[in-house]
Amino acid sequence: MREKKLVVFDMDGTLNRIELFIIPTYKEVLQKFAGTEADDDTVLRLMGCVDEEIYQGLLPGAPMERFDEFMALTAEAEYRNIDLYHGTFDGVPEMIRQLSDEGYILAVCTNGTNGYVRKIVGALGLAPYFTYLQGAEPGCTKSDTLKMVLDKIRPDKAVMVGDRHHDMQAARDNGLPFVGCQYGYLPHEVDDAKVRVAKAADIPQAVKTLIG
């Protein structure tokens, strides 16, 4: 029987150029919500964090009682802006097609919501290639979310591909090898990864090296 080999991708900073829509989204949301402006560097630094961390990072001291209001404004603006401004990193569509054609099972594990991951994967034209999309559940870490993917698919071998420290930690916590993507927003965060890539086109070879 053929081995089930799974490649689990982080989304933002690994496949998706989130800055295209998230910077205008948070500029709009913060102006409506608090009459303030979002600093671009702060927004990008917070990408990949869970929603509560983003809220507190953009609005230090803001009461959690208004978190749901903030999230509703963000979802409305984000979904609208995804339709207007979206794109992958160079080489991502070709890389995904190559891995799919070679028989790997592909999944996404993200700290975004399930609605968000379905929306962006569809907008990027990548939905046909992914077997499973897993967003964050309330109170879950990236490690918890990755475990959900593994429990669902139960692969013989698997590898995590991501650009942030919590992606690398999730792989470690679940006993998986890791590919660190250094073309994302904070490349230094995966400097300690044993296998690193400078462009998306290098991912298939890295995957083969780690899980065959």
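From the square roots a ≥ b ≥ c of the eigenvalues of the alpha-carbon gyration tensor of the range 1-73, which class results: rounded (a/c under 1.5), prolate (a/b over b/c), or oblate?
Numbers: a/c = 3.07, a/b = 2.11, b/c = 1.46.
Prolate shape, in that a/c is at least 1.5 and a/b is the bigger ratio.
With Cβ to Cβ distances under 13 Å as the rule, what net charge do the other residues near Ala200 carry (K, R +1; D, E -1)? Numbers along the way, then the final one.
Values: positive: Arg17, Arg97, Arg196, Lys199; negative: Asp10, Asp90, Glu94, Asp163, Asp202.
It works out to a net charge of -1.
Length gain on complete extension for the stretch Asp144 to Thr131, per 0.36 nm per residue less the alpha carbon to alpha carbon distance?
Numbers: separation 13, 0.36 × 13 = 4.68 nm, distance 1.88 nm.
Gain on extension, Asp144 to Thr131, equals 2.8 nm.
If we count every other residue with Cβ under 11 angstrom of Val159's Cβ, Lys/Arg +1 and Asp/Glu -1, where does the sum land?
Values: positive: Lys5, Lys157, Lys208; negative: none.
Surrounding charge for Val159 is +3.
Taking the alpha carbon gyration tensor of the chain, what are the square roots of 5 times its eigenvalues, largest first, to the nearest whole Å?
Values: eigenvalues 175, 57, 51 Å².
One finds semi-axes of 30, 17, 16 Å for the chain.
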| message | Pairs of alpha-carbon atoms within less than 8 angstrom and 6+ residues apart define the contacts here; what relative contact order does the range 1-127 have, in percent? | response | 43
| query | By counting other Cβ atoms within 10 Å of each Cβ, how are Met64, Met47, Met160, Met11 ranked from fewest to most? | reply | Met64, Met47, Met11, Met160
| Going by a ≥ b ≥ c, the root eigenvalues of the Cα gyration tensor, does the range 136-212 fall in the rounded group (a/c under 1.5), the prolate group (a/b larger than b/c) or the oblate group? | oblate
| field | Rounded to whole Å, sorted largest first: equivalent-ellipsoid semi-axes of the range 20-113, Cα gyration tensor | value | 30, 14, 12
| said: Please compute the modelled spin-label separation between Ile153 and Glu37, points set 7 Å along Cα→Cβ, answer in nm with one decimal. | reply: 4.2
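A short reminder: the numbers here are calculations on the coordinates, not readings from a lab. From a predicted model like this one, the values you see are computed outputs, not experimental measurements. All Cβ positions, glycine included, derive from the backbone under ideal geometry; neighbour counts span all protein chains shown.
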